[in-house]
Structures are given as structure tokens and as C-alpha cells.
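Only one structure is covered here, and it is reproduced in the block below.
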Amino acid sequence: MAEELKLFRTWSSVFALRIVWALKIKGVEYETIFEDLSNKSPSLLQYNPVHKKVPVLVHNGKPIAESLVILEYIDETWRETPLLPEDPYERAMARFWAKFGDDKVLTSIFWGVFLKEGKEQEEAMVEAMEHLQFLEDELKGKTFFGGERIGFVDLALGWLANMISIFEEVAGLKMVDEDKFPLLAAWMQEFADSPIIKDNWPPRDKLIAKFQALRDAKLAAAASK
Amino acid sequence: MLKNSFLCSSSRVSIASLTVVAMADEIILLDFWASHFGMRVRIALAEKGLKYEYREENLWNKSRLLLEMNPVHKKVPVLIHNGKPICESLMIVQYIDEVWKDKSPLLPSDPYQRAQARFWADYVDKKVPQLYHELGKKIWYTKGEEHEAGKKEFIECLKFFEGELGEKPYFGGENFGFEDVALVPLSCWFYTYESFGNFSVEDECPNLMAWAKRCGQKESVSSSLADPHKVHGFVMEMRKRLGID
């Protein structure tokens with residue numbers, strides 16, 4: 001039976017990008033459906049009624065939502081080039097760091113540092129630096145979080161490799177200092193330049209424009225309160 | 001000389017034929033008796049019939065071991081298996097399911113069903129802070145409009161779960177599994193929500209209540225959940241500390 005695989009995404013979603021990378025690493029063919037989140041398609045709402053978000057992967061008509069859940073599904077369904085380690089302990093660690101990336105690193109950098117200013121931004125920066133230090137320590141003796149090659153955690157944290165420079169440019173401050181985080185900075189470069197990854201970044205100028213607008217709107221809203 | 005070497009070689013043969021005795025697994029659980037997250041792990045360990053050492057943490061004075069074993073979040077539960085820590089309750093449950101995979105599997109074997117189970121467990125995880133820290137606090141510690149708003153929203157959340165459960169015996173279908181483990185600890189808090197909120201979970205969500213009772217009939221669940229009256233007493237104590245009573 002021919003596989004029918006559709007990925008609902010937006011051009012800029014870092015969460016959807018993880019799925020693009022995973023499918024390309026596995027060499028799996030799929031169809032892309034771009035969504036406009038200000039005008040969600042009936043299909044998206046039908047496939048992800050709970051969160052109404054992208055990405056959603058639809059495999060032979062059956063939807064899977066939540067990017068980390070989708071990544072595990074992809075890894076279990078197409079078993080070549082495994083993303084998660086075999087060993088249960090290593091798998092638990094991989095899941096832990098991926099979730100840490102979303103819950104703590106992304107939250108503190110994006111919602112804390114990027115979308116704030118002044119004292120609130122300073123406080124968020126302290127927290128973000130603590131989180132980045134954990135990632136720095138995790139990279140000791142490794143090229144990628146997955147070891148010698150890209151794995152689950154690298155895909156989950158991959159947004160750092162290009163979004164950090166976007167955030168830094170728009171917000172006008174340094175977040176990942178190469179002197180403080182040499183391993184993390186090296187990983188960001190290595191990851192960004194890797195085959196497959198480097199061919200799939202969204203256009204930088206569009207990202208700058210989008211996040212500039214987002215930051216301006218958020219700061220204006222905060223100031224008017 | 002010959003006799004000695006005969007004895008030596010037969011000793012070597014008998015040592016070689018001895019079955020190697022596997023070192024017993026050392027499992028320690030750092031936990032807090034009322035923790036929703038901790039209860040999930042206790043259920044999983046009980047489902048697998050595992051012996052472990054339970055260590056109660058004082059969350060207002062965390063042990064050095066906890067801070068060492070979970071330096072990132074400094075939270076319970078932490079499972080320490082042969083000296084190696086695993087943190088985050090759903091990850092611990094998956095770890096337990098993968099290591100002791102021959103007994104009472106909690107996740108289905110089909111990748112699509114596993115994805116659904118993980119999706120729902122993740123949904124519960126996203127809801128738990130709201131259920132306890134936002135809505136719970138409104139119901140237990142406030143009065144008037146805020147109290148009513150908290151109660152209304154809490155019941156709406158329960159109704160959502162009720163809808164998802166439908167007529168199924170368990171969230172995953174016929175068998176008790178990962179999603180049930182993720183949510184069922186909330187059931188030992190129902191009595192507390194009901195008494196401060198002045199409503200009945202059974203009236204509002206009969207299927208959910210039936211599910212909670214069904215899960216509670218399992219030894220692994222009943223031995224792992226906190227006593228509902230003790231939970232109520234805990235919230236009473238917190239109210240006193242906050243100067244509400």
C-alpha cells in the first residue's frame with residue numbers, strides 16, 4: 001500500500017522544522033501543507049482539535065500531534081538511521097533533554113529574554129544562562145548531543161542553531177557567548193552546517209522581519225498596560 | 001602434584017558450572033507522599049511488581065541526594081536505578097516500561113497507539129499545573145467570585161477528560177495503560193476539590209468517576225495513591241499556614 005504522509009506546518013515554525021529534518025534524515029517522502037495560523041484550515045482543526053497547532057503529521061489518514069511525540073512515532077515507524085538510542089537509560093536522558101529544551105531553554109530565551117526588556121529581561125537572562133550551562137555540560141566529549149551523529153536531542157534543540165542569531169540581532173544583545181559556551185557555540189555551527197539541516201532553514205530575512213514585528217508588538221502591548 | 005592438579009582442575013570446572021547470581025536491581029524512589037507525579041511512578045513500579053526503597057522528601061527542605069540527583073529541576077519524583085537517576089515522571093514511567101518490558105506493558109506496541117498514548121499523557125502534563133496550582137488554589141484558598149470561577153473551570157477540565165474517555169473502560173481502550181497512569185493520581189484529590197468546591201465529581205462526570213473507581217480496584221493504584229482524607233488534611237493545614245482558617 002502506498003504510504004500517504006502529510007505534514008501540516010508553517011514556513012517558520014521551529015517545531016515543524018524538527019519533523020522536516022527527521023523525515024529527510026530517514027529518507028521518507030511526504031507532502032507539505034502550509035498553514036496560515038491566522039486562518040487555520042478545516043483539515044488542521046480536524047486533525048488537531050485539542051491544540052489546533054502545527055506541526056501535525058498525518059500518516060495514511062491518521063494524525064499525530066506534538067512535535068516530540070511525532071519524532072518518536074517517526075523513529076518507531078521508519079527504523080533506519082535511528083534518532084533515539086537503544087539503551088533505555090540513554091533514551092530516558094534523550095527525552096529529558098529534549099523536554100528541558102522546550103520547557104526551560106525555549107521559554108526563558110523566547111518568552112523571557114526576547115519578548116521582554118529592562119529588569120524583566122535581565123532576570124530572564126540569568127535564568128537562560130543557567131539553562132544554557134546545563135546544555136554546555138551535556139556536550140562534554142561529544143560533537144552532537146546524540147554523540148557522533150545527529151539524534152533526537154539535536155533535532156529538538158536544533159532551533160538554537162539559527163534562531164539564536166535571529167533573536168540576538170532583533171533584540172540587540174548576545175545570548176550565546178562563544179567564550180562562555182564554547183561547546184554549545186561549536187555545536188550550533190556544526191549542526192547548522194550539517195547536510196539536510198543546512199538545506200532546510202527558513203529564509204533569514206523573512207525570519208528577521210517576522211520576529212522584529214513580534215517583538216515590537218509585544219513590547220508595545222506591555223508598555224500600554 | 002598430580003593429585004593437586006586434578007583437584008585444581010575439578011575446582012575450576014565446578015566454579016565454571018556455578019550459575020552466576022545476578023546482582024539484584026537497586027531501586028530508590030525520591031518522592032513526596034501527595035505528589036501527583038510521584039504517584040505515577042509508584043503505580044508503574046507496582047504494575048511491574050518491583051521492590052524499591054521509598055524515600056520521603058520534605059519539599060521545604062530538600063535532601064542533598066535529591067539536589068544531586070536532579071540538579072536541573074530539583075524536583076520529585078526521581079528514580080535512582082543502580083545509582084543512575086531518571087527524572088520527570090512520564091519519562092520515569094516509560095523507562096520502567098522499557099526496562100521491565102515483559103510484565104504488564106503500560107504502552108501499547110503499535111507505534112500509532114503509542115503516539116496517541118504519549119500525546120494524551122503530555123496533555124495531562126500540560127493540564128496538571130493548572131489543575132492544582134491555579135484552579136486548586138482558587139477552590140481551596142479563595143471565596144466568592146474567584147472561588148466560583150476556579151470551580152467552574154475545574155469542572156470544565158474534568159468534563160473534557162470525561163468526553164475523551166467516553167464509554168471506554170480506560171483512556172487507552174480495554175487495558176489500563178500510560179494515559180491512565182498519567183491522570184489517575186488526580187482522583188485521590190477529588191474528595192478535597194469536592195468538599196471545598198461543594199460539588200460532586202460523580203454528578204458532573206459519571207464516566208470519569210467510574211473510571212477512577214475502576215482504576216482504584218487495581219492493587220497497583222490503590223497502594224500508590226495517597227489517602228484522600230490525608231490529602232484533605234494537608235490542604236486544611238496549608239489554609240492554616242496561609243492564615244485562611
**OP:** Exactly one condition in (1) in contact (Cβ under 8 Å) with a residue 40 or more places away in the chain; (2) out of contact with any Leu (no Cβ under 7 Å at 6 or more places or on another chain); (3) of a type outside the set (Gly, Ala, Ser); (4) under 23 Å from A:Asp102 (Cβ atoms) is not met by A:Phe181; state its number.
**Re:** (2)
**OP:** Quick one: count up the residues across region A:97-119 that are at the interface with another protein chain (Cβ under 8 Å from one of its Cβ atoms) and surrounded by 21 or more Cβ atoms within 10 Å (Cβ to Cβ).
**Re:** 1
Subject >> Residue list for region A:53-87, restricted to those being over 18 Å from the mean Cα position of the chain (by Cα) and over 30 Å from B:Lys84 (Cβ atoms) >> reply: A:Val58, A:His59, A:Asn60, A:Gly61, A:Lys62, A:Pro63
**OP:** Check region A:132-153 and report whether any residue there is open to solvent by less than 10 Å² (accessible area, probe 1.4 Å) and in contact (Cβ under 8 Å) with a residue 60 or more places away in the chain.
**Re:** yes
Subject >> Those helices (runs of 4 or more DSSP H) lying entirely in region A:111-225 with at least 3 residues among the acidic types (Asp, Glu) and under 15 Å from the mean Cα position of the chain (by Cα) >> reply: none
Subject >> Residue within region A:51-60 that is among the hydrophobic types (A, V, I, L, M, F, W, C), over 24 Å from B:Asp97 (Cα atoms) and surrounded by fewer than 16 Cβ atoms within 10 Å (Cβ to Cβ) present >> reply: no
Original post:
Among the residues of region A:43-55, is there at least one that is touching a Leu at 6+ places or on another chain (Cβ under 8 Å) and within 9 Å of chain B (Cβ to nearest Cβ)?
Top reply: no
Original post:
Do we find a residue being farther than 21 Å from B:Trp120 by Cβ, away from chain B (no Cβ under 12 Å) and touching a residue at least 60 places away in the same chain (Cβ under 8 Å) anywhere in region A:83-93?
Top reply: yes
Original post:
Looking at (1) out of contact with any helix residue (DSSP H, G or I) (no Cβ under 8 Å at 6 or more places or on another chain); (2) within 12 Å of another protein chain (Cβ to nearest Cβ), can you tell me which one B:Ile92 breaks?
Top reply: (1)
Original post:
Based on what the data block shows, is A:Ser67 over 19 Å from B:Ala121 (Cα atoms) and either crowded, with 21+ Cβ neighbours inside 10 Å or more than 13 Å from every other protein chain (Cβ to nearest Cβ) (or both)?
Top reply: no
Subject >> Sole exception among (1) more than 9 Å from chain A (Cβ to nearest Cβ); (2) more than 30 Å from B:Asp203 (Cβ to Cβ) for B:Arg42, by number >> reply: (2)
Original post:
Is there any pair linking a residue in region B:121-137 that is within 15 Å of B:Glu156 (Cβ to Cβ) to one that is not polar (S, T, N, Q), with Cβ under 6 Å and at least six apart or on different chains, and which?
Top reply: B:Leu135/B:Gly150; B:Leu135/B:Glu153; B:Leu135/B:Phe154
Original post:
With respect to the numbered conditions (1) in contact (Cβ under 8 Å) with a residue 60 or more places away in the chain; (2) farther than 27 Å from A:Asp137 by Cβ, which one is the sole condition not fulfilled by A:Met175?
Top reply: (2)
Subject >> Number of positions in region A:70-82 that are polar (S, T, N, Q) and either at the interface with chain B (Cβ under 9 Å from one of its Cβ atoms) or buried (at least 21 other Cβ atoms within 10 Å of the Cβ) (or both) >> reply: 1
Subject >> Residues of region A:71-110 satisfying the condition of being among the hydrophobic types (A, V, I, L, M, F, W, C), under 30 Å from A:Leu207 (Cα atoms) and assigned to a helix (DSSP H, G or I) >> reply: A:Leu71, A:Ile74, A:Ala94, A:Phe96, A:Trp97, A:Ala98, A:Phe100, A:Val105, A:Leu106, A:Ile109, A:Phe110
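The values are calculated or read from the model by the stated rules, or taken from the named source; none is laboratory data. In this text, all values refer to a predicted model and were calculated from it rather than measured experimentally. Don't worry about glycine lacking a Cβ; one is built from the backbone with ideal geometry, like all the others, and counts go over all protein chains shown. Ligands, DNA and RNA are stripped out before the accessible areas are found, and what is left, the full protein with its side chains, is counted by its heavy atoms. Shrake-Rupley method; radii C 1.70, N 1.55, O 1.52, S 1.80 Å.
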